[in-house]
Structure formats: C-alpha cells, structure tokens
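Student: Below you'll find the structure I mean.
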Amino acid sequence: MTVPLTGPRITSWTEADQAPSGYRLAWLAADSDDSPCAASVLRVFTDPSREHLAELDVRVHPANRRTGIGSALLDRALSRGRELGRRTVIAEARDQTPGASFLAARGFRPALTLLYARLALDSVDLPEIRALVERPHDGYGLRAWTGAVPAELEESFAHARRAMDDMPTGDMDFGHVSWDVERVRAAAKAVAERGDVLHTVAAMVDGSIAGFTEVVVPGSGEGDAQNYGTGVLPEHRGHGLGRWMKAASILRVRDRHPRLAGMLTDVAEQNTPMLAIVEALGYRQTHVERKYRLDL
C-alpha cells in the first residue's frame, strides 16, 4: 500500500572528505513521522575531462513510491547539477524494475547495457583453472599483490590503466579518466578504509605491467567478491593474457578466502571478448542493468 507523504522534510549535505576525482552531494527525505524514506546522491566529477558529468542515484522506500518524493529529490539533484555546469547526468538501473521505469519516465535514455554474472566458487572446475594458470605465455609472467601497488610498480600500473580507455561504452559520455600514481594510491586506500581487501594480478613483460585484473573481497571474507578493473594494453593483446590473469585471480581469492561464496562481474554487452572469457571461466549471467543518460 502506498503511504502518502505529508510535507516530507529534505535534508542536504556535501561529502566532507573529497577525493581527487570528485565529491558527492546528497539529499535525505523523511516522512511525517521523521523516518527516512528516500535519498538521492549526486556524484560530481572534477577530472578535467569529466567536469561536464555527474552521476545520480535515487532510492525510494517501496512504501513511499508514487508519492512524488522521488521526483522531488531528482529535481533538486538536477537543479544543483545545472548550477555546477554539468551537461550530462548518468544513472543506472536494473532492467524491468521500478527504477528503470522511473528514469525512462523522466527523460533519461538507455545508453549502455551491462550484463551481470556470478561465479559460484564451490562449483569451479579447479583442474581446468589451474591448467589455464600454469600454461606458459611466451615472454610473460604473472605477479600478484594484496592492497596497494608495490612502490616499484606504481608508475607502470598507472600507465597500464590506459588499457581500459577503449573499452566499449555504448552511447555513454564518461569522459577520459587520467590515472597517475596519486590516483592509484587513492583507489587502493579507499578500498582499505572501508575494510575490504583488494587483490591484483598483473601480466608482466620485461619488468613492466602489460595487463591487470582486480578483485575486491568483503572484509569478512564471506559472501561474494567483486571484479573491478581488467585491461590489457593494446600492444599485448591477442596472447590470452586476459583469461590467464582472471583464472589466476580466481585461484588467489579462493585460496586466501576459503569462506568466500562467489565472484561477481559486469561486462558491457558489446564487449564480446570479455564476455567469452568470463563464460569460459564458469561465470553465469544473473541479470541485466542499463546505464542511462540525461543531457541537461
């Protein structure tokens, strides 16, 4: 049953500790009983090539939907975005959900389809995965670490992040993310500060990083881990490094976190090479989400 709102109170705040890449603005709505019932967060990017962009997330308690509070929060966020000179706002919603309908009804258009998949670690074909990891790749080797990138690899890792510059993005306008050592350190620090564990596997050649894949495990070591970035530099593609690194990451997190249940990933629908890799490793699709954009 829909509960009508009588004069909801909306409180706003700005993130105190701002990251080098941006900051968040938020609005919290409380109903007539002063109980939180909805919230919106606008992530404002400050990278030079992404100063046109903001990312929106609106959440409304099911009992308070269709009361206008979601639209009120959306209007406040978009108004603030315009004041800050943002030209594009992006959002994400699971396919065929109230969130997807809400965005479409308010002028957001789908711009990128993401396929989500999960690997159940208790059903992994371990002999096959180990065989993939042990298979030699002429001229290349694997190196792995937990947490921050080793100091001697920071520059190489920052350079290797450009491997994701040409990943499929559909009709999105993400801008260009510039990675340097400071940003590499900040990303690892953010994971550690929230209590999670970052694992990285890299393909090495002549002492430099040719490709990498990252997995973040919950601090409890239970539940599902989340795949983060994966990329192979263009000059090193075609050697099977992506599957090699991801197979090694499966063994790494499984061995170090025996209570972990699974690993999650999401891949752009157009990224057929990565889709083939995760399917071959045993990931199975769970649902579809879409990135939406609204041009202000």
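The values are calculated or read from the model by the stated rules, or taken from the named source; none is laboratory data. Nothing here was measured: the structure is a model prediction, and the numbers come from that model. All Cβ positions, glycine included, derive from the backbone under ideal geometry; neighbour counts span all protein chains shown. Keep in mind that these areas ignore ligands, DNA and RNA; they rest on the heavy atoms of the full protein, side chains included. Shrake-Rupley method; radii C 1.70, N 1.55, O 1.52, S 1.80 Å.
Student: Not counting the cut sites, what is the longest span of the chain without trypsin sites (Lys or Arg not before Pro) that DSSP labels loop and that have at most 14 other Cβ atoms within 10 Å? Kindly include the intermediate steps, with their values, before the conclusion.
Tutor: Values: sites that count: Arg66, Arg87, Arg194, Arg259.
That gives 88-193 as the longest site-free run.
Student: Using +1 on the beta carbon of Lys and Arg, -1 on that of Asp and Glu, and nothing else charged, what's the dipole of the stretch 202-296 about the Cα centre, debye to 20? List each step's numbers first, then the result.
Tutor: Values: 11 positive and 11 negative charges, 38 e Å.
Approximately 180 debye in magnitude.
Student: At what distance in nm do the modelled label points of Arg106 and Glu222 sit from each other, each positioned 7 Å from its Cα along Cα→Cβ?
Tutor: 3.6 nm
Student: Okay, moving on. Would you work out the relative contact order for the stretch 205-244, in percent, from Cα pairs under 8 angstrom that are 6 or more residues apart?
Tutor: Working: 43 pairs, mean separation 16.1, N = 40.
This gives 40 percent for the stretch 205-244.
Student: What accessible area per residue comes out for the stretch 144-183, rounded to a whole number of Å², with a 1.4 Å probe?
Tutor: Numbers: 2100 Å² over 40 residues.
Here the residues of the stretch 144-183 average 53 Å² of exposed surface.
Student: I would also like to ask the following. How big is the stretch 36-189 along each principal axis, measuring the range of its Cα positions in Å and listing the largest first?
Tutor: Computed over the Cα atoms, the extents are 59, 41, 31 Å.
Student: What do you get for the angle between helix 69-83 and the principal long axis of the chain? Use alpha-carbon atoms, 0 to 90 degrees, nearest ten.
Tutor: 70 degrees
Student: Can you give the relative contact order of the stretch 159-296 as a percent, counting alpha carbon pairs under 8 Å and 6+ residues apart? Please list the in-between numbers first.
Tutor: Working: 174 pairs, mean separation 31.8, N = 138.
Dividing the mean separation by the residue count of the stretch 159-296 yields 23 percent.
Student: Please report, in Å, the Rg and the Dmax of the stretch 162-292, where both are computed over Cα atoms only.
Tutor: Gyration radius and largest Cα-Cα distance of the stretch 162-292: 15.0, 41 Å.
Student: Something else: Could you please state, rounded to a whole Å, how far the C-alpha centre of the stretch 223-251 is from the C-alpha centre of the stretch 126-196?
Tutor: Rounded to whole Å, the Cα centres lie 9 Å apart.
Student: Also, I was wondering about something else. Just subtract the alpha-carbon distance of Arg256 and Ala186 from 0.36 nm times their residue separation and send over the number in nm, one decimal. Spell out each step's value before the answer.
Tutor: Working: separation 70, 0.36 × 70 = 25.20 nm, distance 2.41 nm.
Here the segment from Arg256 to Ala186 would lengthen by 22.8 nm.
Student: Then there's this: With just the Cα atoms of the stretch 1-123, tell me how far they stretch along each of the three principal axes, in Å, largest first.
Tutor: Projected onto the principal axes, the Cα atoms of the stretch 1-123 cover 46, 41, 30 Å.
Student: To the nearest 10 degrees, how steeply does helix 181-193 sit against the main Cα axis of the chain, on a 0 to 90 scale?
Tutor: Its long axis makes an angle of about 70 degrees.
Student: Across the chain, how large is the tail of the calculated P(r) beyond 29 Å, expressed as a percent of all Cα pairs? Kindly include the intermediate steps, with their values, before the conclusion.
Tutor: Values: 18559 of 43660 pairs.
Percent of Cα pairs beyond 29 Å in the chain: 43.
Student: Could you work out how much longer the chain between Ser49 and Tyr23 gets when fully extended? Use 0.36 nm per residue separation minus the Cα distance between them, nm to one decimal. Kindly include the intermediate steps, with their values, before the conclusion.
Tutor: Values: separation 26, 0.36 × 26 = 9.36 nm, distance 1.54 nm.
Using 0.36 nm per residue and subtracting the Cα-Cα distance, I get 7.8 nm.
Student: Placing unit charges on C-beta atoms (Lys and Arg positive, Asp and Glu negative, everything else neutral), compute the dipole magnitude of the chain about its Cα centre in debye, rounded to 20. Intermediate values should be presented prior to the final figure.
Tutor: Details: 36 positive and 40 negative charges, 129 e Å.
Result for the chain is approximately 620 debye, rounded to the nearest 20.
Student: Can you tell me, using C-alpha contacts under 8 Å and at least 6 residues apart, the relative contact order of the stretch 44-165 as a whole percent?
Tutor: Values: 49 pairs, mean separation 21.5, N = 122.
Reported as a whole number, the value is 18 percent.
Student: With every protein chain left in place and a probe of 1.4 Å, what is the accessible surface of His52, to the nearest 10 Å²?
Tutor: For His52, solvent-accessible area is about 10 Å².
Student: Using a 7 Å offset from the Cα along the Cα-to-Cβ direction at both Leu126 and His287, what is the distance between the two label points in nm, to one decimal?
Tutor: With each label point 7 Å from Cα toward Cβ, the separation is 3.2 nm.
Student: If I stretch the segment between Asp95 and Asp196 completely, what's the gain in nm (0.36 nm per residue apart, minus their alpha carbon distance), one decimal?
Tutor: Values: separation 101, 0.36 × 101 = 36.36 nm, distance 2.82 nm.
Here the answer is 33.5 nm.
Student: What is the stretch 122-224 by shape, rounded, prolate or oblate, if you read a ≥ b ≥ c off the alpha carbon gyration tensor as root eigenvalues and call it rounded for a/c under 1.5, prolate for a/b larger than b/c, and oblate otherwise? Don't skip to the answer; put the middle values down first.
Tutor: Working: a/c = 1.38, a/b = 1.15, b/c = 1.20.
It is rounded, given that a/c, with a ≥ b ≥ c, falls under 1.5.
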